[in-house]
1. Find all pairs meeting these conditions: Cβ atoms under 8 angstrom apart; at least six residues apart or on different chains; first residue within region 468-490 and modelled with pLDDT of 95 or more; second residue among the β-branched types (Val, Ile, Thr) and within 14 Å of the ligand (Cβ to nearest atom).
2. When both residues are 6+ apart or on different chains and their Cβ atoms are under 9 Å apart, which pairs have a first residue that lies in region 15-26 and is surrounded by fewer than 18 Cβ atoms within 10 Å (Cβ to Cβ), and a second that is assigned to a loop (DSSP other than H, G, I, E, B)?
3. Which fully enclosed strands (runs of 3 or more DSSP E) of region 367-458 have 1 or more residues being among the polar types (S, T, N, Q) and either within 13 Å of the ligand (Cβ to nearest atom) or surrounded by fewer than 24 Cβ atoms within 10 Å (Cβ to Cβ) (or both)?
4. Only one of Met225, Met205, Met166 is more than 23 Å from Tyr398 (Cα to Cα) and touching a strand residue (DSSP E or B) at 6+ places or on another chain (Cβ under 7 Å); which?
5. Restricting to region 467-495, give me the number of residues that are part of a helix (DSSP H, G or I), open to solvent by 40 Å² or more (accessible area, probe 1.4 Å) and over 30 Å from Ala510 (Cα atoms).
6. Would you be able to tell me the number of residues in region 62-74 that are surrounded by fewer than 24 Cβ atoms within 10 Å (Cβ to Cβ) and small (Gly, Ala, Ser)?
7. Looking only at region 340-366, filter to residues that are within 25 Å of Gln60 (Cα to Cα) and among the β-branched types (Val, Ile, Thr); which one of those is farthest from the ligand (Cβ to nearest atom)?
8. Would you confirm whether any residue within region 176-189 is surrounded by fewer than 21 Cβ atoms within 10 Å (Cβ to Cβ), part of a helix (DSSP H, G or I) and in contact (Cβ under 8 Å) with a residue 12 or more places away in the chain?
Amino acid sequence: MTGGEAMVRAAVANGIDTIFGIPGAQIYPLFDAIYRLPEVDAIISRHEQGAAYMAFGAAQATGRPAAFAVVPGPGVLNTTAALCTAAGCNQPVYCMTGQVPSKFLGKGRGHLHELRDQAGTLGLLIKHADRIADPTKTFAQTNDAFRIMQSGRKGPVSLEMCWDTMAEEWDVEITPGNDVIERPSIDDDALHDAAKLIAESKNIMIMCGGGAQHASAEVTAFAEMLGAPATAFRSGRGVVSEDHPCGVSSAAGMLLWEDTDLLIGIGSRLEMQYMRWMGMGGFLDAPPEGTPKVIRIDIDPQEMIRFKPDVGVIADAVDGVTALAEKVSARGFNTGSSERIAAAKAKARRDIEEIQPQLAYLDVIRAVLPRDGRLVGELCQVGFTSYFGFDVYEPRTYITEGYQGTLGFGFPTAIGVKAALPGKAVVSVTGDGGFMFGVQELATAAQHNIGLVTIVFNNSSFGNVRRDQQQRFDGNLIGANLDNPDFLKLAESFGVAGYRVSSPDELRPALAKAIDDDVPALIEVVVERGSETSPWKYIMR
Ligand SMILES: Cc1ncc(C[n+]2csc(CCOP(=O)(O)OP(=O)(O)O)c2C)c(N)n1
């Protein structure tokens, strides 16, 4: 088989059934293999950044690896914001790419798409990047990449193959995919120390991160046992359902933080507590004096050095929480007050009512979207408000950009979510600014009939920038106001269903119909420029 076919077959052996991407000369053999193999399909984006975000969305929504294939050099560079976002969110995204002909490697002759040290460049951004020089080793190297991608702190990986190597035929042995996911064994002393801290504490808070997404049952049971609130910022939303008595939004979490005496972070960087609730200046190395004690359960030993807890349990979230719960129940603990949690939830809900009109729109979306539907956020007024003003009920149903804060990630990511989960309702909320970063992918949604619903909140501005300039730069508006296309005509010209609404009441039937029709749809919500209440006081201090 060709080197390209070997790469595709090895990806298929590792569970890949869809490859997002754009073909080009160096990687024709790879796409030819996708064409011929019934086990795998391609979804063709209109820009490489779209393909990589689609893979990111598919990975985050399913918890399984997702792949994209793009030409080297400019093609792969176009994917790097998405790769960094996947790295920041610890998502298993597999980048497949090409290279110059092998004899041109490292020569600097300026062959098509040549990039100085492509794998080295990618290796700075993602978990692992390598070249398959000998295609008979494709399965071994791919399996290794999938082991690395899914072991420890998950993250994106990349494999490249030279133009000529990918085109030539080789004797490649087909072998099974990787079945190794490495998990650390747990230090019993750490568990003992953690159980002791828990026994000595009264008001415990659990903070869920993306590393707890697969541990929903265990974390929920642990929170119930302790009677402790479990909160999350972005990536850990839905681990403990926010309609469970212990599941609290970050707005309620902020209220409860005041008299918390022990924080248990599970698969979380604790950005919310130490870089937001204590100011973006934040606390660098360890919790400051006079603040709650901290236990961290994290699979990445480096995390215990980056931000040193009182007790660090290096473990996968399922293993760590299960083992700690056993220790704690044997030792005894104080049960938290359910009234305290309920009161904070009720007060937070009353407080955030002021964030209008975003909250009213989010309430409509929450009411219409099924429990297991996916909401894909964005860096926009409704997206920011959704951090605390949109209840999440199930793991992997709230899709986020993480700390990269990548404007424009939302719409193409949502296409990937819907492509991976065609039976689920998927709603993308974007601003007019962020949507236009990936507007061309309307063509992808239309051509592949990917039935996601995109709600574009059109306030004719980079609204967040505009507010900052109004408030902090004497109203000197630069690059803040936007003249936009007619979004209805835009939808129509792409062959996508279009709606225009201007109130939450009008959104409700439009959204219900769009979800029900299950075809690609764009709903423009007309918002008066500068009219949104700032959501920031519930996100950072
Ligand atoms: C890649 C990237 N570029 C720029 C920014 C800075 N940024 C954050 S929010 C924002 C404006 C967003 O405008 P829009 O999408 O229209 O949403 P709105 O705030 O108006 O609701 C900008 C430019 C960013 N976060 N990421």
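The values are calculated or read from the model by the stated rules, or taken from the named source; none is laboratory data. Note that the coordinates shown come from a computational prediction; the quantities given were computed from them, not determined experimentally. So basically every Cβ, Gly included, is an ideal-geometry build from the backbone, and we count neighbours across all protein chains shown. To get the accessible areas, we keep the full protein, side chains included, count just its heavy atoms, and leave off ligands, DNA and RNA. Shrake-Rupley method; radii C 1.70, N 1.55, O 1.52, S 1.80 Å.
1. From residues that are modelled with pLDDT of 95 or more, the pairs are Gln469/Ile478; Gly479/Val465; Ala480/Val465; Phe487/Val456; Leu490/Val439.
2. Correct list of pairs: Gly15/Arg64; Gly15/Pro65; Gly15/Gly177; Asp17/Glu39; Asp17/Val40; Ala25/Val71; Ala25/Leu112; Ala25/His113.
3. Numbers: elements: 374-376, 426-431, 453-458.
Correct list: 426-431, 453-458.
4. On the way: Met225 fails: touching a strand residue (DSSP E or B) at 6+ places or on another chain (Cβ under 7 Å); Met205 fails: more than 23 Å from Tyr398 (Cα to Cα).
Exactly one of Met225, Met205, Met166 is more than 23 Å from Tyr398 (Cα to Cα) and touching a strand residue (DSSP E or B) at 6+ places or on another chain (Cβ under 7 Å), namely Met166.
5. We begin by selecting, within region 467-495, every residue part of a helix (DSSP H, G or I); these are 467-472, 487-494.
Restricting the remaining residues to those that are open to solvent by 40 Å² or more (accessible area, probe 1.4 Å) gives 468, 470-472, 488-489, 492-494.
Applying the additional criterion that residues be over 30 Å from Ala510 (Cα atoms) yields 468, 470-472.
Final tally of qualifying residues: 4.
6. Adding up the residues that qualify gives 2.
7. In this case the residue turns out to be Val364.
8. Checked region 176-189: no residue is surrounded by fewer than 21 Cβ atoms within 10 Å (Cβ to Cβ), part of a helix (DSSP H, G or I) and in contact (Cβ under 8 Å) with a residue 12 or more places away in the chain.
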